[in-house]
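Nothing in this text is a laboratory measurement; each read-out follows from the coordinates by a stated rule. Just so it is clear, the structure is predicted and the values come from calculations on it, not from any experiment. No Cβ is skipped: glycine too gets one built from the backbone with ideal geometry, and neighbour counts run over all protein chains shown.
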Amino acid sequence: MLSNLPNRVVTKLGIAIKSHKNSVIVVASVKKSINFNLFGKKSIIYLDEGSISLYSETNNLLLFKFDSPFIIGLDQIFYDTEYHYITTNDNVLLYLLSHEDAIDIFDKMKLWKDIAHLISYSMRLNEHRSNNLLENRSIYHIIKTHLEMIWELPEKEREKISVFDYILKRHKISRSSIAKIIKELNNGNYITTKRGVLINLNRLPAKF
């Protein structure tokens with residue numbers, strides 16, 4: 001994930017969303033699915049507390065994981081099409097605001113420059129993900145990339161992640177194919193895993 005998230009912009013927009021008289025507060029526990037439809041109206045979602053995962057409705061693959069604060073759905077604010085849904089990774093506090101009300105308050109508070117900033121960040125995330133997909137077409141390179149992504153996470157977070165689940169949520173690869181490569185990487189002392197959790201990672205070979 002790119003590191004330069006415009007937190008000031010997110011907070012500013014979040015305050016506007018929370019302060020709108022028609023914003024709806026949603027408190028949800030872990031592993032709950034939430035769509036962008038609020039009482040029959042498409043909405044944007046402000047993640048005030050907790051962590052969520054964004055999935056594609058087309059193939060149910062995990063696209064991104066977001067920690068609070070973040071705003072989801074701005075890129076669809078002028079459209080009624082719904083391509084995504086979210087699931088909660090822990091207890092979350094969300095604010096939902098319909099597209100109509102969001103456009104109204106963004107106009108009144110002159111926030112479109114801030115929105116453009118955040119949408120630009122989201123576009124860069126999509127570009128980064130697309131480039132990774134194009135560069136990592138072989139099963140090994142997909143696994144290699146995701147092992148390196150897991151290893152960059154804080155240790156406490158890494159200890160809770162199954163390598164298999166992490167990859168399977170993001171790519172349609174058979175579990176047996178992942179298991180075969182993980183086993184060979186363990187045997188070659190490139191990595192150490194225990195019950196599917198990545199314990200250690202050395203320099204991975206470019207090809208395998």
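Between 0 and 90 degrees, the angle of helix 175-187 with respect to the longest Cα principal axis of the chain falls at about 50 degrees. Remark: segment 23-40, residue by residue, has Karplus-estimated 3J(HN,Hα) of 5, 10, 7, 10, 10, 9, 8, 5, 6, 9, 8, 9, 9, 9, 9, 10, 6, x Hz, where x stands for each Gly or Pro and the curve is 6.51 cos²θ - 1.76 cosθ + 1.60 at θ = phi - 60°. Between 0 and 90 degrees, the angle of helix 139-151 with respect to the longest Cα principal axis of the chain falls at about 70 degrees.
Let me make sure I get this right: for segment 71-131, a, b and c are the square roots of the gyration tensor eigenvalues over alpha carbons, sorted descending. Under 1.5 in a/c it's rounded, otherwise prolate if a/b > b/c, else oblate. Which is it? Judged from the Cα gyration tensor, segment 71-131 comes out oblate (a/c at least 1.5, b/c at or above a/b). Bin width 5 Å, alpha-carbon pairs only: give the P(r) of the chain as whole percents, running from 0 to the bin holding the largest distance. That works out to 1, 6, 14, 17, 18, 14, 10, 8, 6, 3, 2, 0, 0, in percent per bin.
Search the structure for amide H atoms under 5 Å from the amide H of LEU63, placed 1.01 Å from N in the peptide plane, and list their residues when 5 or more places away or on another chain. When sequence neighbours closer than 5 places are left aside, the close amide H contacts are LEU54, TYR55, SER56.
What longest range of the chain stays clear of loop-exposed trypsin sites (Lys or Arg not before Pro) (DSSP non-H/G/I/E/B, at most 10 other C-beta within 10 angstrom)? Could the numbers behind the result be given before it?
Values: sites that count: LYS21, LYS31, LYS110, ARG137, LYS160, LYS172, ARG195, ARG203, LYS207.
The longest such stretch corresponds to 32-109.
The per residue volume of the convex hull around the alpha-carbon atoms of segment 136-201 is 77 Å³. Amide H contacts for PHE70 (H built 1.01 Å from N in the peptide plane; partners 5 or more residues away or on another chain; cut-off under 5 Å): LEU47.
Counting Lys and Arg as +1 and Asp and Glu as -1, each charge on the Cβ, what is the dipole of segment 29-184 about the Cα centre in debye, to the nearest 20? Computed charge dipole of segment 29-184: roughly 660 debye.
Per-residue ellipticity at 222 nm for the chain, helices alone: DSSP H runs ≥ 4 residues times -39500 (n - 2.57), over residue total, nearest 500 deg cm²/dmol?
-12500 deg cm²/dmol
Direction-averaged projected area, Cα convex hull, segment 7-128: 7.0 nm², rounded to one decimal. Figure legend: label point modelled 7 angstrom from the Cα of THR11 along Cα→Cβ; residues of segment 61-96 with amide N under 13 Å from it are 69-70.
The H on the amide N of ILE191, modeled in the peptide plane, is under 5 Å from the matching H of ASN186, ASN202, each at least 5 residues off or on a different chain. Compared with the dominant Cα axis of the chain, that is its longest principal axis, helix 99-108 is turned about 70°. For segment 70-83, 3J(HN,Hα) computed residue by residue from phi via the Karplus equation (6.51, -1.76, 1.60; θ = phi - 60°) reads 7, 10, 10, x, 5, 5, 10, 5, 9, 10, 9, 5, 10, 9 Hz, glycine and proline entered as x. Taking loop as defined by DSSP and a crowding limit of 10 other beta carbons within 10 Å, which chymotrypsin sites (Phe, Trp or Tyr not before Pro) in segment 72-117 fit? Of the chymotrypsin sites (Phe, Trp or Tyr not before Pro), the ones in loops of segment 72-117 whose Cβ has at most 10 other Cβ atoms within 10 Å are PHE78, TYR79.
Charging the Cβ of each Asp and Glu at -1 and of each Lys and Arg at +1, and nothing else, the dipole of segment 16-63 about its Cα centre rounds to 180 debye.
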